[in-house]
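Engineer: After the C-alpha cells below, expect a handful of questions from me.
None of the figures in this text is laboratory data; all of them are computed from the coordinates on show. This one's a predicted model, so the numbers in the text were calculated from it and none came from an experiment. Here the Cβ is made from the backbone with ideal geometry for all residues, glycine too, and neighbour counts use every protein chain on show.
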Amino acid sequence: MALLLAFGRALQIRYARGYQPPGRRRCRYRAGRLTAVVVTLGEITDGNREAVLALRVAPGQERFVGSVRSALADAAEYPHAKPWYRAVCAGGQPVGFVMVSWNVEPQPPEIIGPWFLWKLLIDERHQGRGYGLDVVRQVAELVRAEGATELLTSYVPQDGGPAGFYQRLGFVPTGEFDGNGEVIVRLVLP
C-alpha cells in the first residue's frame, strides 16, 4: 500500500512539474486531480476573433514574435505566400495562433517555402504547458499529409529567443538566412 501511495505521489509530482505524456492531450495537476486538455487548431471566427487578437507573448518576447494583428496584416499583404492560419485552442479557449505558408512557390528572401511555419504565438498565460510543441507536431502532420518532406521556419538569433525550442523539436539550421537576418531551420518529415 505504501508503495502504491509513493508511486501515486511520484506521478503527481511529475505531472505538476510539467511531465507531458505522448499524444495531443496535455495533463494538468489541479487540486489533487489530473485534467486532460486537448489542443486543437480552429478557424478564426466572429465568435473568437477578439479573444485571438488579444493574445500576447510574455514581456521581452515581442522582439521575437509579433502580434496576431500584425500576422493577419502580413497574410493580407502577401496572399501569394498562401497563408493558412488558425487559432490554437485548449479547453475550448484560444491560447495561441499559428500561420503557415501553405505549399507556396519559394521566392527568397521574401517568400520561403514551400512549407514555412510563418508564425507561432502562445499567449504568455499559457506558455510552458506543451501547447507550442503540440502545434508544431500537428502542423507537421498536416503538411506531411499534403506531401511535404520538410517544414521550414526561422527565428531571430538572439539570447532568450526560440532557438532552443526549435532545436528540441528536431529543427536544424539550413545555413541560410531570411531577408531580416533570421536563421532558417528545417524539420525533416519522415
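Engineer: DSSP loop chymotrypsin sites (Phe, Trp or Tyr not before Pro) in region 46-114 with at most 14 other Cβ atoms within 10 Å of their Cβ, which ones?
Structural biologist: Loop-located and lightly packed - none at all.
Engineer: Could you work out the relative contact order of region 50-190? I mean the mean sequence separation of Cα pairs under 8 Å and 6+ apart, divided by the number of residues, in percent.
Structural biologist: Answer for region 50-190 is 20 percent.
Engineer: Relative to the Cα centre, what is the charge dipole magnitude of region 75-190, using +1 at the beta carbon of each Lys and Arg, -1 at the beta carbon of each Asp and Glu, and rounding to the nearest 20 debye?
Structural biologist: Here region 75-190 has a charge dipole of around 420 debye.
Engineer: Count charges around Phe64 for me, please; just the other residues with Cβ under 12 Å from its Cβ, Lys/Arg as +1, Asp/Glu as -1.
Structural biologist: Net charge around Phe64: -1.
Engineer: Report, to two decimal places, the Cα Rg of region 38-188 normalised by 2.2 N^0.38 Å (N = number of residues).
Structural biologist: 0.97
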